[in-house]
Amino acid sequence: MAVKGLKEEIERVLITPEEIAARVRVLGQEIARDYRNGAAKDPYGRPLLVVGILKGAIPFLADLIRAVDLPLEYDFMSVSSYRNGTSPGEVRIIKDLDRSISQRDVLIVEDIVDTGNTLDHILRLFRARAPASVRVCTLIDKPVRREVEVPVHYVGFTIPENVFVVGYGLDYAELYRNLPFIGVLKREIYEEARVANR
Ligand code: 5GP
């Protein structure tokens, strides 16, 4: 059976690989400058701990850390959202951090902040562990959909409309994460999936 290329399933490209690379460079410089100039609060002066939220943040984190000229460590957390029943966005930890974050400077790296519910719950989990500081860096911010106020210090791109985006880590049914750009899927892809799931 012939396998279709991924790009054929994209309606429009919103952010090109070149735009992503340029923005990541600037974010990396901002982060390095801030942590050199007062954002670091760890009383023991340990390196910044960058925490990627799996799986969507992987490509972004991989590029971002190489643009930050600071000593840093990185770790990952995987959470799943309860969509039914309990309060919206409540999260369950699937994979926890390897080490304690007590009195550490933590920078959470997210793929996208949409309603804000997931990040809000992640921040509660983190704060309960008494880090020295917590900041958040997201690749994409979709403020039009926000339901909970969440502090986001670093934003790659703000998407002003309510569109579902894929690529550069972002998935639809686990696919499209490996696209080098961020784009919008063709409508028929969603429709096909809906029919298949009936
Ligand atoms: P929130 O809790 O802020 O509503 O949603 C966060 C999660 O929803 C993200 O981590 C992501 O998994 C998913 N999400 C929200 N909007 C989009 C989108 O436009 N594209 C993709 N691929 N995932 C999204």
query = Of the residues Gly56, Gly52, Gly116, which is more than 26 Å from Asn178 (Cβ to Cβ), within 14 Å of the ligand (Cβ to nearest atom), touching a residue at least 24 places away in the same chain (Cβ under 8 Å) and of a type outside the set (D, E, K, R)?
reply = Gly116
query = Looking at Leu179, Leu139, which is the one that is open to solvent by less than 40 Å² (accessible area, probe 1.4 Å), over 18 Å from Val79 (Cα atoms) and among the aliphatic types (A, V, I, L, M)?
reply = Leu179
note = Going through (1) outside any strand (DSSP E or B); (2) surrounded by 20 or more Cβ atoms within 10 Å (Cβ to Cβ) one by one, Thr115 fails only at (2)
task = Kindly indicate which of Ile65, Ile58, Ile31 is under 21 Å from Ile159 (Cβ atoms), modelled with pLDDT of 95 or more and surrounded by 14 or more Cβ atoms within 10 Å (Cβ to Cβ).
result = Ile58
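Taking the range 19-49 as the region of interest, how many residues are of a type in the set (A, V, I, L, M, F, W, C) and under 25 Å from Gly183 (Cα atoms)?
The initial filter retains those residues of the range 19-49 that are of a type in the set (A, V, I, L, M, F, W, C), namely 20-22, 24, 26-27, 31-32, 39-40, 48-49.
Filter once more, so that each one left must be under 25 Å from Gly183 (Cα atoms): 20-22, 24, 26-27.
Within the range 19-49, residues that are of a type in the set (A, V, I, L, M, F, W, C) and under 25 Å from Gly183 (Cα atoms) number 6.
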Boolean, Glu90 is within 16 Å of the ligand (Cβ to nearest atom), free of Cβ contacts under 8 Å to residues at least 40 places away in the same chain and either under 19 Å from the mean Cα position of the chain (by Cα) or at negative phi (or both) = yes
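May I ask you to verify whether Leu61 is within 16 Å of the ligand (Cβ to nearest atom) and touching a strand residue (DSSP E or B) at 6+ places or on another chain (Cβ under 8 Å)? Step through it out loud before you land on a result.
Details: within 16 Å of the ligand (Cβ to nearest atom): yes; touching a strand residue (DSSP E or B) at 6+ places or on another chain (Cβ under 8 Å): yes.
Yes; evaluated as a whole, the condition is true for this residue.
In this structure, is Ala40 in a helix (DSSP H, G or I), touching a residue at least 40 places away in the same chain (Cβ under 8 Å) and open to solvent by 40 Å² or more (accessible area, probe 1.4 Å)? Spell out the reasoning first.
Details: in a helix (DSSP H, G or I): no; touching a residue at least 40 places away in the same chain (Cβ under 8 Å): yes; open to solvent by 40 Å² or more (accessible area, probe 1.4 Å): yes.
It is false that Ala40 is in a helix (DSSP H, G or I), touching a residue at least 40 places away in the same chain (Cβ under 8 Å) and open to solvent by 40 Å² or more (accessible area, probe 1.4 Å).
The values are calculated or read from the model by the stated rules, or taken from the named source; none is laboratory data. Here the structure is a predicted model, which is why all the values come from computation and not from measurement. Heads up, the Cβs are rebuilt from the backbone with ideal geometry, glycines too, and the neighbour counts pull from every protein chain shown. Side chains are part of the model used for accessible areas, which takes the heavy atoms of the whole protein and leaves out ligands, DNA and RNA. Shrake-Rupley method; radii C 1.70, N 1.55, O 1.52, S 1.80 Å.
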